[in-house]
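Read through the structure below, which is laid out as structure tokens, and then see the notes.
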Amino acid sequence: MTQFDCDLQQHGTPLAHVWSHTIGSGRAHLALRADWQAQMRKAHAELGCRHVRFHAILSDGMGTVLIEQGELLYGFFNADQIFDFLLGIGMRPFVELSFMPTALASGDKTVFSFQGDITPPKDYAQWGTLIRTLVDHWVTRYGVDEVRQWFFEVWNEPNLDAFWSGGQDGYFELYRTTAKAIKAVDAQLQVGGPASASDGWIKDFVDFCEREGLPADFISTHHYPTDALGKPGDDTEKQLSLASRDVLLKRTRGTVEAARGKPVYYTEWSSSSNPFFHRHDEPYAAAFILKSFLDVADLVKGYSYWTFSDIFAENYFSSVPFHGGFGLLTIHGIAKPSYRAFQLLHRLGHERLTVTGEHATVDAWVVREARRIAVLLVNRAFPGHPIQRETVSVRLHAVAAPVVAWLERIDEDHCNPRRLWEALGSSPYPDPAELAALHAASELRREVITVQNTHDGIIFHLDVPLDGIACVTLEFAE
């Protein structure tokens, strides 16, 4: 049996809710859909998401800038519709400035099924005029005090040839032009980059901005545990099997060091970079998410999970309810185990207490808010690494017996609607009765937990299955 101890007389450290700062979505045009908006409203209300980030607000499908009779024609209506909605429900955009409008593009290389152009502008001055005009429009529409609370991120993963054909020098010129255009509207607007894949280009970007005297109000980057692991042709399971258990924590520390004091926002991360990976639908993802967030919470300002919904189409739009998509919610709005992990995190307090004890696959956290204590236990490992069901003992010192205590679980037998869907025959088009059953199977449920008194506190014991989460909540009289 593994034991963890926590002295409740201690003064803890602040726990920043970095999981609620920003959440990812696919591309801007999807945000015009009623079902996307319904799910975004749900995620904001239940998970506390404050910003949302998506690709392609400048791509042709949004109509932001087009050529009409040889003249550039700006059209900001679609973007305004999205931002009106977000502000109306109490959210804000984390504005990713991508991709290149065809009217400004120097080439025809594209990415994704919606053909986002990845080439540099043929005239950087035209690009700068677009950015300044667009940002000035938003300041006029929403007010400068509001837009100062947004984040403007230049491009998406320019260190990958699949997303940017201009190389590092071309990206730095794009950043220079964009940052100057935004600051020309208002010097207090926030702009940053390099929005890189795999924690790349951070030092080079910071060096460039310092050398050129350019503003960089924040550093943004992405990472996944599958980054640069294995060899071409390896499947996702193989890539993950090669990852060290704390791979994202180690990379985050490196990025924070390279940022040299600038605030760091991860604007994409997930349990894999595969948009069709079965584990995204399973308790495995929930355990990975919870541990990853709590590992990095004191290092970064935001850690934006990719994505909140399976209403998503980079390669194609899948109509299968559980297809291994990135989302926390399925296309029908069924909460996956990952969504429930976010709910547990959102309910946490803001004081983290030191816990002693360690185990190869089990981690424990204790978080306090007034008279409520939450004890989180996670048992996780990457595919191919040793893991089994573990019995855990938690001893809390310097506390009287709680008034009430309950247990919530996420594992193979709890909050696992995909398993029920498979048991029902894996229908690609569930009927209303099946959907109702799947929604019910996804719910967090409270269980009674037995707490024993000790000479100086309390103790409880429970089993934590592999890829499982157990959350014990205790409320005290004082």
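Each reported figure results from applying straightforward, stated rules to the coordinates on display, with no laboratory input. Being a predicted model, the structure only gives us computed values, none of them experimental. Quick reminder, even Gly has a Cβ in these numbers, built from the backbone with ideal geometry, and neighbours come from all protein chains shown.
Please report Asp463, Asp413 as a ranked list, fewest other C-beta atoms within 10 angstrom at the top and most at the bottom. All intermediate terms of the calculation are to be shown ahead of the outcome.
Values: Asp463 14, Asp413 11.
Ranked by crowding around the Cβ, least crowded first: Asp413, Asp463.
How many angstrom separate the Cα center of the stretch 405-445 from the Cα center of the stretch 281-342? One Cα centre to the other: 16 Å.
Give me Asp108, Asp363, Asp7 ranked fewest to most by other Cβ atoms within 10 Å of their Cβ, as a rough exposure proxy.
Numbers: Asp108 10, Asp363 20, Asp7 17.
Ordered from fewest to most neighbouring Cβ atoms within 10 Å, Asp108, Asp363, Asp7 come out as Asp108, Asp7, Asp363.
So, with +1 on the Cβ of K and R and -1 on the Cβ of D and E, and no other charges, what is the size of the charge dipole of the chain about its Cα centre, to the nearest 20 debye? The partial results should precede the final answer.
Details: 43 positive and 60 negative charges, 117 e Å.
Value, rounded to 20: 560 debye.
Where a ≥ b ≥ c are the square roots of the eigenvalues of the C-alpha gyration tensor, would you call the stretch 119-277 rounded, which needs a/c under 1.5, or, failing that, prolate if a/b is larger than b/c, or oblate? Don't skip to the end; give the middle numbers.
On the way: a/c = 2.03, a/b = 1.85, b/c = 1.10.
Prolate, because a/c is 1.5 or more and a/b exceeds b/c.
Would you work out if the stretch 175-268 is rounded, prolate or oblate? Take a ≥ b ≥ c from the square roots of the eigenvalues of the alpha-carbon gyration tensor; rounded if a/c is under 1.5, else prolate when a/b is larger than b/c, oblate otherwise. It is prolate, given that a/c is not under 1.5 and a/b is the larger ratio.
Ordering Val378, Val185 by the number of other Cβ atoms within 10 Å of each residue's own Cβ, fewest first, gives Val185, Val378.
Students often get this wrong: which residues of the stretch 245-289 have the backbone nitrogen under 19 Å from the point 7 angstrom along Cα-to-C-beta of Lys238? 272-279, by backbone N distance to the label point. Could you state the number of Å between the C-alpha centres of the stretch 141-165 and the stretch 74-89? Each part reduced to its Cα centre gives a spacing of 16 Å.
May I have the convex hull volume per residue, in Å³, for the Cα set of the stretch 16-347?
Values: hull volume 42.5 nm³, N = 332.
Cα convex hull per residue, to the nearest whole number: 128 Å³.
Inter-label distance, Ser106 to Ser427: 5.4 nm, where each label sits 7 Å from its Cα along the C-beta direction. Between Glu257 and Asp186, the contour length at 0.36 nm per residue exceeds the Cα-Cα span by 22.6 nm.
Among 328-340, 400-412, how do they line up by average Cβ neighbours within 10 Å per residue, starting with the highest?
Working: 328-340: 24.8, 400-412: 18.2.
Per-residue mean Cβ counts within 10 Å order the peptides as 328-340, 400-412.
Remark: the stretch 395-447 carries a charge dipole of roughly 280 debye about the Cα centre, counting +1 on each Lys and Arg Cβ and -1 on each Asp and Glu Cβ. Here the peptides 276-286, 146-156, 83-93 are ranked by packing, the mean other Cβ count within 10 Å, and the order with the highest first is 276-286, 146-156, 83-93.
Taking every DSSP beta bridge with both residues inside the chain, roughly what % is antiparallel (nearest 5)?
About 60 percent, rounded to the nearest 5.
The listed peptides 53-63, 124-134, 452-462, ordered by packing as a protection proxy, come out as 53-63, 124-134, 452-462 (highest mean of other Cβ atoms within 10 Å first).
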